Each structure stands twice: as C-alpha cells, then as structure tokens.
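**Student:** There's a structure below that I have some questions on.
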Amino acid sequence: MSKKFQTVGSLLRPAALLKYKNQIEKKDNITYPFYNDFEGYKQCEAESTKDVAAKQIEHGLTVITDGEYSKSMWHLDFVWGFHGVSRYIAEHGYFFRDKDETRKYETRRDIGLKITEPLCGRNHHFIKIFEQLKSIAGDKETKLCIPSPSHIFGELLWSDNIGGNGSVYNNPQELKAGLTQAFIEFAEEYAASGGKILQLDDCLWELFADDNPNSPYTGEHINQDEVKALAAEFIEINNTVIDFGHSLGLAMWTHNCRGNYDSRNMGGGSYVKIANLFLKQLKYDRFFLEWDDDRAGSLEALKVFQDRPDTEIVLGLLSSKTNTLDDEARVIRLLNEASEIIPKDRLLLSHQCGFASCDGGNELTEEEQWAKIDQGQRIAQSYWGE
C-alpha cells in the first residue's frame, strides 16, 4: 500500500515452526543450522518462509524479509554461521527489565559463544537463506538483517574469548580485525549473490547515553575517556563494514532499539545523548530508530541528520510490543514534529522493532500483528499520500 511504511524485519513464527525452534533452544549437542538434528525442520522452515513472504506481499509491504524465520535469535544465528564459532547453553540468559520496570526478566540461555578458530564469513548459511527468499519474492525488493559488527564485538569483548589460555585472539584489537574481516567476507558474498540491501541491527548504542540508568557506563566512578574510546571503536568497526558495503553497491541500513524480548525491554537512554556519536558519525543510508515511548527522548536528536540530505530516517513510532492498535493521533503529531526538523520526504514509518526478535515473539497473535501492520500502512498512506 505505502512505500513509506516499513517493517524492521522479524515476524511471529507459526506453531509448526515453533515446535522445532523450542527444541533447539534447549539443546547444545546440535550443530547450526540444525537441519540434520531435527527431521522435517528444514522443510518446515522453507514452507513457513514461503508463506510469510506471500503474506507480506499480500499486506502491501514493499521490502520483503524472510520474517527472520531462519533465526532463533536476531543476532546469534549469524555468528553461529561463521567458521570458527561454537554455540553452548550458558549459565544464564540476558537480563531484560520485566513489565514492572523493576524486576529482572531472564531470556533463553543458548547464548554462549566460543571462538575455536580464526573467524571466517565465507560460505555462510545466510547466503542460502537469502537466495531462497529472493526466489520467492520475485520482483519485490528484499533485505537481509544481520547484527552489526560493533554489537557482536561488544558481546565478545565482555566474554571469556580474549587472551585466555588457548584463545584464538590475544587482545581486543586482534578480535576486532578478525571480526571485521569476517563481516567483509560475508558482505562480498551477499552482494555477489544478488543482495541489494544489508541491514545491520544494533542494541548497544544506548549504553553510551549518560541518562541511561541501566548502563554499566553511567555513574560517578566511571572513566568516561575509556567509555568514549570504546564508542569510537564501535563506530569505526561499523563504518569499515559500511564503507565496504557501499563499495559493492549495497544500500546499508541499520536498526537500533533498546531491547525487544517477550514484549519487554532492556533499558533506557535517549537519542539526544548519543546523537553526535552514533546518529551523526555512522554512515548508514537509512536508520530505523525506536520512538514508541518516552525512553527515546526528544525528536530534537534528528537535527544531526539535517546536513545529510541522502540519509533516510524510519521513525519507529508504532509498538510491536502491544496487542492493540496504536494511538494514531500521537503518531501524526510526532510525524509532524519530525517533519519540522527533517524534510517529510526523507522520513518513513515503522514499528519500533520486529514482532519476534527471538523465536518466542512478543505477546500478541499473528492476527493482531497483521492488523498492526495494516494500521501502519493506512497511517503512512494518509500522511504521505503514497
């Protein structure tokens, strides 16, 4: 219906696919992509992906994804697909904030990563997934969503994969070089397979916002020079991959959010506080930004894009975390505010995140999901007239 409405990428998995996904979550004696471990899984994933691509086309979406049906989690499957990585069930999962904003909410635990050999991004399973999607989508635009290199660098940096006995990488700089090269190898094969849009997703920017009470980098006794140096490293590693993607002719997009798991979030932090870092300095062509509640702060952060006339901003004013339709008056009000800062034709609309960043998905039904997508289409069509 409207090219001005976009989805971030992930969609709720059907029950038949979840039957396999729920088993994967609890096992660590299996090997990615797990097809040989569960009879019928590969066929079920392929059929489910074909169905969800058809539904996206039916609901008027102009950029098609595989619904991330090939993934267990939004980021780790991509890392599992690198040569030189093994997966294991950790002692605990990630900790999100529960709905009361006070208690911790633990995620699934199959998040452990062990680097066993130098990383390599060639012959990645995601290329096969993309080629399958491309054949299904026909003449429709497609995109592939993967984690940003800085996000994975951050997670590995805080793991036990560096400098210990038997470690492949002796220090963070060796890890950064190896990881960057693996992303570059993947991007090269993605472009060669006909890929046009590569979206790098990231949930770590808000760690560097000094108004984020949930960040380990806020507080009186934190060395802020070290924090700023780490932020600069995150920007550098991303821009290296972005520049390489551009050299291949790829459109390089990003999505940023503050956590999306079982309709819960990971923390706060406003865009104003990080605008001059990540929004201003990262060289993406299109930014999907989360603005579905007050945690994101003022739209004034968009001012850093005023001197980047070729950059598009997708405002995540709608919520994928709720099972009800969104407040349309609020969405229009914020679109109007944003268009006073950035020309209207450079703006787009989306939900703040996907509907199922991990297999379990958010707390709504598939019917409710598509109703929310249809609402986004109607708002965009009405607001932009296209």
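The values are calculated or read from the model by the stated rules, or taken from the named source; none is laboratory data. Note that the structure is predicted; figures quoted are calculated from it, not measured. All Cβ positions, even for glycine, are placed from backbone atoms using ideal geometry, and neighbour counts span all protein chains on display. To get the accessible areas, we keep the full protein, side chains included, count just its heavy atoms, and leave off ligands, DNA and RNA. Shrake-Rupley method; radii C 1.70, N 1.55, O 1.52, S 1.80 Å.
**Student:** Please go through region 34-46 and give me each residue that is open to solvent by less than 100 Å² (accessible area, probe 1.4 Å) and either aromatic (F, W, Y) or within 18 Å of I136 (Cβ to Cβ) (or both), ordered by number.
**Tutor:** Across region 34-46, the qualifying residues are F34, Y35, F38, Y41, C44, E45, A46.
**Student:** Okay, next question. Considering (1) open to solvent by 80 Å² or more (accessible area, probe 1.4 Å); (2) acidic (D, E); (3) touching a residue at least 40 places away in the same chain (Cβ under 8 Å); (4) in a loop (DSSP other than H, G, I, E, B), say which one D139 fails and leave the rest.
**Tutor:** Going through (1) open to solvent by 80 Å² or more (accessible area, probe 1.4 Å); (2) acidic (D, E); (3) touching a residue at least 40 places away in the same chain (Cβ under 8 Å); (4) in a loop (DSSP other than H, G, I, E, B) one by one, D139 breaks only (3).
**Student:** Going residue by residue through region 11-20, is there one that turns out to be over 20 Å from G361 (Cβ atoms), in a loop (DSSP other than H, G, I, E, B) and among the basic types (K, R)?
**Tutor:** There is no residue in region 11-20 that is over 20 Å from G361 (Cβ atoms), in a loop (DSSP other than H, G, I, E, B) and among the basic types (K, R).
**Student:** Which one of these does N256 not meet: (1) in contact (Cβ under 8 Å) with a residue 40 or more places away in the chain; (2) more than 30 Å from A192 (Cα to Cα)?
**Tutor:** (2)
**Student:** Here is a further query. Quickly run through region 174-194 and pick out the residues that are among the small types (G, A, S) and out of contact with any strand residue (DSSP E or B) (no Cβ under 6 Å at 6 or more places or on another chain).
**Tutor:** Those that are among the small types (G, A, S) and out of contact with any strand residue (DSSP E or B) (no Cβ under 6 Å at 6 or more places or on another chain): A177, A187, A191, A192, S193, G194.
**Student:** If I ask for residues that are closer than 14 Å to S10 by Cα, open to solvent by 10 Å² or more (accessible area, probe 1.4 Å) and part of a helix (DSSP H, G or I), which ones from region 52-67 would you list?
**Tutor:** Selection gives K55 alone.
**Student:** All but one of (1) crowded, with 19+ Cβ neighbours inside 10 Å; (2) without any contact (Cβ under 8 Å) to a residue 24 or more places away in the chain; (3) β-branched (V, I, T) hold for I127, so report the exception by its number.
**Tutor:** For I127, the exception is condition (2).
**Student:** Closer than 25 Å to D243 by Cβ, at pLDDT 95 or above, part of a strand (DSSP E or B) and open to solvent by 30 Å² or more (accessible area, probe 1.4 Å) - does that describe any residue in region 160-170?
**Tutor:** Within region 160-170 (the criterion being closer than 25 Å to D243 by Cβ, at pLDDT 95 or above, part of a strand (DSSP E or B) and open to solvent by 30 Å² or more (accessible area, probe 1.4 Å)), the answer is no, since none of the residues qualifies.
**Student:** Given the residues V63, V8, V52, which is the only one that is touching a Pro at 6+ places or on another chain (Cβ under 9 Å) and at pLDDT 95 or above?
**Tutor:** It is V52.
**Student:** Can I ask one more? Among the candidates T116, T107, which residue alone is at negative phi, polar (S, T, N, Q) and either open to solvent by less than 30 Å² (accessible area, probe 1.4 Å) or touching a helix residue (DSSP H, G or I) at 6+ places or on another chain (Cβ under 7 Å) (or both)?
**Tutor:** T107
**Student:** Now for a separate question. So, in region 68-96, exactly how many residues are touching a strand residue (DSSP E or B) at 6+ places or on another chain (Cβ under 9 Å) and either open to solvent by 40 Å² or more (accessible area, probe 1.4 Å) or aromatic (F, W, Y) (or both)?
**Tutor:** Looking only at that region, the number is 13.
**Student:** Can you tell me which residues in region 181-207 are buried (at least 21 other Cβ atoms within 10 Å of the Cβ) and in a helix (DSSP H, G or I)?
**Tutor:** Correct list: A182, F183, F186, A187, Y190, W205, E206, L207.
**Student:** Continuing with the same structure: Got at least one residue in region 228-250 being touching a Ser or Thr at 6+ places or on another chain (Cβ under 8 Å), open to solvent by less than 40 Å² (accessible area, probe 1.4 Å) and assigned to a strand (DSSP E or B)?
**Tutor:** No: region 228-250 contains no residue that is touching a Ser or Thr at 6+ places or on another chain (Cβ under 8 Å), open to solvent by less than 40 Å² (accessible area, probe 1.4 Å) and assigned to a strand (DSSP E or B).
**Student:** If you go through region 264-297 one residue at a time, how many are in a helix (DSSP H, G or I) and either in contact with a strand residue (DSSP E or B) (Cβ under 6 Å, 6 or more places away or on another chain) or buried (at least 23 other Cβ atoms within 10 Å of the Cβ) (or both)?
**Tutor:** 3
**Student:** Additional query: Return the pairs, sorted by first residue and then second, in which the second residue is open to solvent by 70 Å² or more (accessible area, probe 1.4 Å), the first residue lies in region 208-233 and is in contact (Cβ under 8 Å) with a residue 60 or more places away in the chain, the beta carbons are less than 6 Å apart, and the residues are 6+ apart or on different chains.
**Tutor:** Going by the 6 Å Cβ cut-off, the qualifying pairs are A209/K273; D210/K273; D211/K273.
**Student:** Residues to consider are L348, L315; find the one that is closer than 18 Å to V272 by Cβ, outside any helix (DSSP H, G or I) and not charged (D, E, K, R).
**Tutor:** L315
**Student:** Of everything in region 22-48, what is at pLDDT 95 or above, in contact with a Phe, Trp or Tyr (Cβ under 7 Å, 6 or more places away or on another chain) and not hydroxyl-bearing (S, T, Y)? Give them in sequence order.
**Tutor:** Answer for region 22-48, where residues must be at pLDDT 95 or above, in contact with a Phe, Trp or Tyr (Cβ under 7 Å, 6 or more places away or on another chain) and not hydroxyl-bearing (S, T, Y): Q23, I24, F34, F38, K42, C44, E45.
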